[in-house]
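Working notes, beginning with the structure itself.
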Amino acid sequence: MKFTSRATAISPFLAMAYGEKATVLEEQGKDVIRLNLGEPDFGAPAAVLAAMKESLDIPDFPYTSALGIPELRQSIASFYETQHDVKLSPSRVIVTAGASGALLLASAALVEPGDNVILGDPSYPCNRRFLNAFGAEVTLVPTRSEDSFQLTAESVADNWKHNTKGVLIATPANPTGTAIDIDELYKIGQYCKAKGGFLIVDEIYLDLALSLDVRVDIAASKSNNNKLQTVLANAELQDTVVVINSFSKYFGMTGWRLGWCVVPETMTSIVEKLAQNLFICPSTLSQKAALACFTPEALAQCEQNRNTLAERATLVFDALQNMGLSLDAQPDGAFYAYINIKHTGLSAIEFCDALLSQYHVALTPGNDFGEHNADHYVRLSFATSIERLNVGLARLATFVKSLC
């Protein structure tokens, strides 16, 4: 059997690989602190679990529309209005099998073999894998800590080629947790539009602001100084921007495999045909339960979870500073710390291997997220309990001290 070049060329997802190494150690009886995956430990809101249990009495779960059930599309559109002061037609909302399903559809709809797409370095590795799978050539543009590890309009223009068709940006981003300045994002969108290209914005961490004093609310979203704002607030860009989001992070529903994208009106029918052929529809059961995400009870629980993450962030950032590990850019959202370990003299993989084998703490090497200075960084996810974080940070501190 001969495998395709796209299958053989793809690199392993190191965050998952270190999870597998952790599992081997656990099977040997070791207590491993897993700080390698971006998976919230809260789980789905209680109202969603109750809705799921209630729906189990229904004898059948037929296929839904490939675009998702109308009630859920309307609820998502309403969420943008109440949470971000953005009025959105439900006809533009496409429910997908996770944010990955949304990116699959966007890639299938927008890129041809040989097209170039610009991404920042570092960035979430699976984003470029989807583009590569449809024949796109991805340009990873090195970003600077001074720019919060985000692309700028200048860097996009400098790297735009004759075959460039668009840009993909995540804000807040994985692995850094940093958000792009909203004015800079608009400039990039305007440049893409002027070039006849597209802008895909991954906003799956948008509602996970880390500051307890700064909330992504209607008042904040009217300020252009607020970094944590949906790009959809700019009406000028709505015919060239695709926004990707998910129930996995803010709502804590990773294994439910449910997400969405917001597309221009002219793109809806295209995406519908692709969805019909590629996966028919998202999970009917997950969709029906997800309607409860937008109840006051569920949203209050999600906000409490966000506050808990902010408290964990303070714990982690202070601990890293005390052990002499630096964050070159302060995270704005999500649940990640992108740590500079250059001064230890170890590469990122050497650092992660030694920490896991000797101290049983799993992190993710920066090599997962790009090429530029990747050996100088590791990612720590604090999407786990304070108790486990304290143990993991203590072990990390002992390890770092042993290197001095």
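The values are calculated or read from the model by the stated rules, or taken from the named source; none is laboratory data. Not measured: the values here are computed from a predicted model. Cβ: placed from backbone, ideal geometry, glycine included. Neighbour counts: every protein chain shown. Note: accessible area is taken over every heavy atom of the protein model, side chains too, but ligands, DNA and RNA are not part of it. Shrake-Rupley method; radii C 1.70, N 1.55, O 1.52, S 1.80 Å.
Normalised by the number of residues in the chain, the mean separation of alpha-carbon contacts (under 8 Å, six or more apart) gives a relative contact order of 25 percent. Cross-link partners for Lys53 among the lysines, with Cα-Cα distance under 20 Å and sequence neighbours closer than 8 places in the same chain left out: Lys288. Over all directions, the projected convex hull of the C-alpha atoms in the stretch 285-354 averages 7.2 nm² in area.
Keeping the other protein chains in place, figure out the carbon and sulfur percent of the accessible area of the chain, with a 1.4 Å probe. Intermediate results must be reported in sequence, preceding the final value.
Details: 8730 of 16710 Å².
Ligands and nucleic acids excluded, carbon and sulfur reach 52 percent.
For the chain, the antiparallel share of DSSP beta bridges with both residues in that region comes to about 45%. The listed residues Ser148, Ser402 rank as Ser402, Ser148 when sorted by accessible area, largest first, using a 1.4 Å probe. Extent along the principal axes, Cα only, for the stretch 220-333: 54, 36, 28 Å, with the longest axis given first. Listed by chain and number, the lysines whose alpha-carbon sits under 25 Å from that of Lys187, ignoring those within fewer than 8 places in the same chain, are Lys87, Lys161, Lys165, Lys195, Lys222, Lys227.
Dividing the helix sum by the residues of the chain, where each DSSP H run of 4 or more adds -39500 (n - 2.57), gives a mean residue ellipticity at 222 nm of -12500 deg cm²/dmol. The relative contact order of the stretch 309-356 comes to 27 percent, based on Cα pairs under 8 Å that sit 6 or more residues apart.
Between Lys21 and Glu81, the C-beta separation translates, for a Förster distance of 45 Å, into a calculated FRET efficiency of about 0.50.
Ordering Arg6, Arg312 by accessible surface, largest first, gives Arg6, Arg312; the 1.4 Å probe counts only protein heavy atoms, with every chain in place. Remark on Asp121: its backbone amide H falls under 5 Å from those of Val141, Thr143, a criterion applied only to residues 5 or more positions apart or on other chains, H modelled at 1.01 Å from N.
Once the C-beta distance of Lys2 and Lys193 is scaled by a Förster radius of 51 Å, the resulting FRET efficiency is 0.75 to the nearest 0.05.
When the convex hull of the Cα atoms of the chain is projected onto a plane and the area is averaged over all directions, what value comes out in nm²? Write out the running numbers ahead of the final one.
Details: hull surface 82.5 nm².
That works out to 20.6 nm², a quarter of the Cα hull's surface.
Amide H contacts under 5 Å for Glu137: Gly114, Asp115, Asn116, Val117, restricted to partners 5 or more places along the chain or on a different chain, H placed in the peptide plane at 1.01 Å from N.
Reducing the stretch 349-394 and the stretch 1-35 to their Cα centroids gives an inter-centroid distance of 14 Å.
With contacts taken as Cα pairs under 8 Å at a separation of at least 6 residues, the stretch 109-183 carries a relative contact order of 37 percent. In straight-distance terms, cross-link reach from Lys21 covers every one of the aspartates and glutamates whose alpha-carbon lies under 13 Å from its own, apart from those fewer than eight places away in the same chain; here that gives Asp31, Asp353. The convex hull built on the alpha-carbon positions of the stretch 249-293 has an orientation-averaged projected area of 3.8 nm². What the phi angles of the stretch 154-169 give under the Karplus curve with 6.51, -1.76 and 1.60, with θ = phi - 60°, is a coupling list of 5, 5, 5, 4, 5, 10, 6, 10, 5, 9, 6, 10, x, 9, 10, 10 Hz, glycine and proline written as x. Computing FRET efficiency as 1/(1 + (r/R0)^6) for Leu278 and Lys53, where r is the C-beta to C-beta distance and R0 is 30 Å, gives about 0.50. Taking amide H atoms as placed 1.01 Å from N in the peptide plane, the amide H of Ser246 lies under 5 Å from those of Trp260, each 5 or more residues away in sequence or on another chain. Sorting Glu39, Glu303 by solvent-accessible area of protein heavy atoms yields Glu39, Glu303, largest first, with a 1.4 Å probe. Ligands, DNA and RNA are left out, and with a 1.4 angstrom probe the accessible area of the chain is 41 Å² per residue.
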